[in-house]
Amino acid sequence: MNYSKISIITVVYNMADKIESTILSVLNQTYPNIEYIIIDGGSTDGTVDIIKKYESQLAYWISEPDKGIYNAMNKGVIKATGVYCNFMNVGDKFYDNEVLNNVFSVNRREDILHGITVTDNGTITLPISPERLSLSFFYKTSLGHQATFINRELLKEYPYDESYKIVADAKFFIVTLIINNKTYATLPFKICLYDTKGVSSNLENTDMELKLIFRDLFPPRIVKDYELMENYLNPLFRILYPITQSFLFQKYLFPISKKIKKIVG
């Protein structure tokens with residue numbers, strides 16, 4: 001069998017307490033053709049000492065200041081030479097030692113492969129089937145990059161937007177899968193153990209950046225429709241919205257409500 005080279009990229013900064021478990025989850029994979037790359041942001045807490053402990057088993061590593069997570073991930077892609085890339089960032093781990101064997105025991109041709117995530121609190125996140133993977137899915141969430149394998153050429157063509165701090169990967173998936181209709185397949189395998197204490201687990205900041213991404217990529221009228229869709233999930237809104245769109249409301253009640261609002265301040 002021809003074992004395609006798979007590039008695993010780990011981005012880290014000052015995480016000496018977690019880096020070794022992530023490294024070992026990669027190095028202990030039984031798959032025979034792995035290229036492991038570590039991009040450190042200039043750690044000063046002992047992280048670099050742990051990386052050096054395993055440097056003979058790494059294809060490439062560097063420790064230098066960077067401009068954030070996605071700048072570091074883009075740097076990793078530049079150094080990668082594998083057919084697919086996976087970002088197993090610090091704190092996250094492969095589910096077991098057979099993950100890459102399970103995924104690449106057959107030839108893969110899709111641009112993006114996505115499997116099952118298991119969080120450190122036991123929650124399981126299943127991959128979205130191609131039929132259900134639509135723009136509405138990305139309005140509130142994204143695919144976990146820890147459970148995703150992405151064709152390296154695609155990452156070179158559409159590098160991560162470094163102006164975003166948390167969910168530039170969501171923008172990447174929208175641009176590639178939705179706008180440019182790249183190919184996608186689900187994997188029936190548990191891929192990773194996800195650290196829920198990571199940066200992207202801050203739901204408020206994640207939600208804010210996702211909305212900024214929509215405003216960046218789509219005309220205002222489309223964004224307005226999706227904001228309406230979000231509100232429509234509220235049962236009270238579903239009752240009141242048709243009333244607010246009626247002729248009587250628009251002609252009589254809406255002008256009155258504007259006057260009351262002006263008086264009340």
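The values are calculated or read from the model by the stated rules, or taken from the named source; none is laboratory data. Here the structure is a predicted model, which means the values were calculated and not measured. Using ideal geometry, Cβ is built from the backbone for each residue, glycine included, and neighbour counts are taken over all protein chains shown.
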* Kindly indicate which of Gly91, Gly82 is touching a helix residue (DSSP H, G or I) at 6+ places or on another chain (Cβ under 8 Å), more than 23 Å from Leu154 (Cα to Cα), in a loop (DSSP other than H, G, I, E, B) and touching a residue at least 60 places away in the same chain (Cβ under 8 Å). => Gly91
* To do: Mind telling me which of the residues Val77, Val106, Val83 ends up being in the same structural domain as Ser43 (by TED's automatic domain parsing), farther than 24 Å from Val48 by Cα and either crowded, with 16+ Cβ neighbours inside 10 Å or touching a strand residue (DSSP E or B) at 6+ places or on another chain (Cβ under 6 Å) (or both)?
  => Val83
* Within segment 55-79, how many residues turn out to be assigned to a loop (DSSP other than H, G, I, E, B) and either within 15 Å of Cys192 (Cβ to Cβ) or free of Cβ contacts under 8 Å to residues at least 24 places away in the same chain (or both)? -> 1
* To do: Just give me the residues in segment 1-49 being hydroxyl-bearing (Ser, Thr, Tyr), out of contact with any Leu (no Cβ under 9 Å at 6 or more places or on another chain) and not in a helix (DSSP H, G or I), in sequence order.
  => Tyr3, Ser4, Ser7, Thr10, Tyr13, Ser43, Thr44
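Does Tyr139 satisfy being crowded, with 18+ Cβ neighbours inside 10 Å, out of contact with any Gly (no Cβ under 9 Å at 6 or more places or on another chain) and at pLDDT below 95?
The answer is yes for Tyr139.
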* Considering only residues of segment 113-136 that are closer than 25 Å to Asn28 by Cβ and either part of a helix (DSSP H, G or I) or β-branched (Val, Ile, Thr) (or both), which is modelled with the lowest pLDDT? -> Thr123
